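Here is the structure we will look at.
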Amino acid sequence: LAVPRSEVVAYFESSGTSGNTVGSTRSVSCFTQKDLERDLNRRYSKHLGLSRDDIVAVALPYALTSSAYCFHRAAQESGAMTIGLDSGSVLSSHQKHLEIIKGIGVTVLVCSMPLVYSTMVEAAKESLEEWFGSVRAVQLCGVSTMRNGMRKISEKFKAQVYNTYGLSE
């Protein structure tokens, strides 16, 4: 550590690019309060304009990684209602995410793979507009998405798409 342990207020890990195995590139990140504040200010695109009128759903893994936690906190600090959907949890399936997105009227979806949701709706032969009509923006995290991919997401969700670098490292 570059600071005394007493200044560390958060511990995060990344599974790295090869997964959480013996030979993985897993890394640890220890954050001070100042690190957390700096990270919160960088999470959302300034053009997104989060406000008290927004309902933000964070569909990222919460366990050990900083992304979900920091997106969640940044949305709350903007005054937006914030929902921690998680990702990959037994208690929080993609179907449950869809029900919340539609039922509560989520306006901003934070996730890595939004096309999972649109594909599920299309496979059920249901209307994307009915399920995602309230979504005004999709904030991507942890995946590099080229212009064509972002355009496809924008067309499916009829929403602005923002991309954010999202590794714990």
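The values are calculated or read from the model by the stated rules, or taken from the named source; none is laboratory data. On a predicted model such as this, the values are computed, not experimentally measured, just so you know. Don't worry about glycine lacking a Cβ; one is built from the backbone with ideal geometry, like all the others, and counts go over all protein chains shown. Keep in mind that these areas ignore ligands, DNA and RNA; they rest on the heavy atoms of the full protein, side chains included. Shrake-Rupley method; radii C 1.70, N 1.55, O 1.52, S 1.80 Å.
Among the listed pairs LYS46/LYS102; LYS96/LYS152; LYS102/LYS156; LYS46/LYS96, those with a Cα-Cα distance over 21 Å are LYS46/LYS102; LYS96/LYS152; LYS46/LYS96.
Can you tell me the orientation of helix 33-42 relative to the chain, as the angle in degrees between its alpha-carbon axis and the longest Cα principal axis, to the nearest 10? The angle comes out at about 30 degrees. How big is D, in µm² s⁻¹, for segment 25-147 by Stokes-Einstein at 10 °C and 1.306 mPa s if Rh is the Kirkwood radius over C-alpha pairs? It comes out at roughly 105 µm²/s. The alpha carbon centroids of segment 65-118 and segment 128-156 are separated by 14 Å.
Could you state the angle between the C-alpha long axis of helix 66-77 and the longest principal axis of the C-alpha atoms of the chain, as a value from 0 to 90 degrees rounded to the nearest 10? That works out to roughly 70 degrees. The fraction of accessible area contributed by carbon and sulfur in segment 46-156 is 56 percent, rounded to a whole number (1.4 Å probe; ligands and nucleic acids excluded). Computed with a 1.4 Å probe over protein heavy atoms only, the accessible surface of the chain comes to 56 Å² per residue. The trypsin sites (Lys or Arg not before Pro) found in segment 65-144 that occupy coil by DSSP, while having at most 14 further C-beta atoms within 10 Å, are LYS125.
Extension gain for GLU77 to GLU99 (0.36 nm times residue separation, less C-alpha to C-alpha distance): 5.4 nm.
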